[in-house]
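The values are calculated or read from the model by the stated rules, or taken from the named source; none is laboratory data. Keep in mind that what you see is a predicted model, and the values were worked out from it rather than measured. Cβ: placed from backbone, ideal geometry, glycine included. Neighbour counts: every protein chain shown. Note: areas computed on protein heavy atoms with side chains; ligands, DNA, RNA excluded. Shrake-Rupley method; radii C 1.70, N 1.55, O 1.52, S 1.80 Å.
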Amino acid sequence: MYVITPFKNVAYQLAQELNKIGFTRYDENGRPTNVGTENPNIMNVAATRAKEEFYIIGDKKLYFSLKSDVIDDIYDIIRTFNSGMGS
């Protein structure tokens, strides 16, 4: 499982808190490998590696107000996927 946020401070705090329950994994330089900030590559990796479920939690209006191609692309992929679920 991966936790992705657009905010560095939130990623840092989440990594610290999740480490208390043994969730956070670190690389050889001490950087978290499964908690981080959002960028096109990490969103693509997260979405393509999801085996069964993929959750995006947050304020949809806020995400769209960021005018991010990544967010727009992900929304299009989700909408396309969901439209195929009913057929």
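Classify region 27-87 as rounded, prolate or oblate, taking a ≥ b ≥ c as the square roots of the eigenvalues of its Cα gyration tensor: rounded when a/c is under 1.5, otherwise prolate if a/b is larger than b/c and oblate if not. Taking the square roots of the gyration eigenvalues as a ≥ b ≥ c, region 27-87 is oblate. For Lys61, the lysines whose Cα comes closer than 25 Å to its Cα, not counting residues fewer than 8 places off in the same chain, are Lys8. Where only DSSP H runs of four or more residues are counted, the chain gives -16000 deg cm²/dmol as its mean residue ellipticity at 222 nm, each run worth -39500 (n - 2.57). Length, then width, then depth: along the principal axes, the Cα atoms of region 1-58 run 26, 21, 21 Å.
Backbone phi angles across region 74-82, fed through the Karplus curve with coefficients 6.51, -1.76 and 1.60 (θ = phi - 60°), yield HN-Hα couplings of 5, 4, 4, 5, 5, 4, 5, 4, 5 Hz in residue order; Gly and Pro are listed as x. Counted by Cβ distance under 11 Å from Val10, the other residues give a net charge of -1, where Lys and Arg count +1 and Asp and Glu count -1. Accessible surface calculations at 1.4 Å, restricted to protein heavy atoms, place the chain at 81 Å² per residue. Taking Cα atoms, how many degrees apart are the long axis of helix 40-49 and the longest axis of the chain, rounded to 10 and kept between 0 and 90? The angle comes out at about 80 degrees. By accessible area, using a 1.4 Å probe on protein heavy atoms only, the chain has 55% of its surface on carbon and sulfur. Ordering 60-73, 18-31 by mean Cβ neighbour count within 10 Å, with the highest value first, yields 60-73, 18-31. In this structure, the amide hydrogen of Val3, modeled 1.01 Å from its nitrogen in the peptide plane, lies closer than 5 angstrom to those of Val35, Gly36, counting only residues at least 5 positions away or on a different chain.
Projecting the Cα atoms of Ile78, Val45, Tyr55 onto the dipole axis of the chain, where Lys and Arg carry +1 and Asp and Glu carry -1 at the beta carbon, places Tyr55 farthest toward the positive end.
Between the beta carbons of Asp72 and Ile21, assuming R0 = 25 Å, the FRET efficiency works out to 0.15 to the nearest 0.05.
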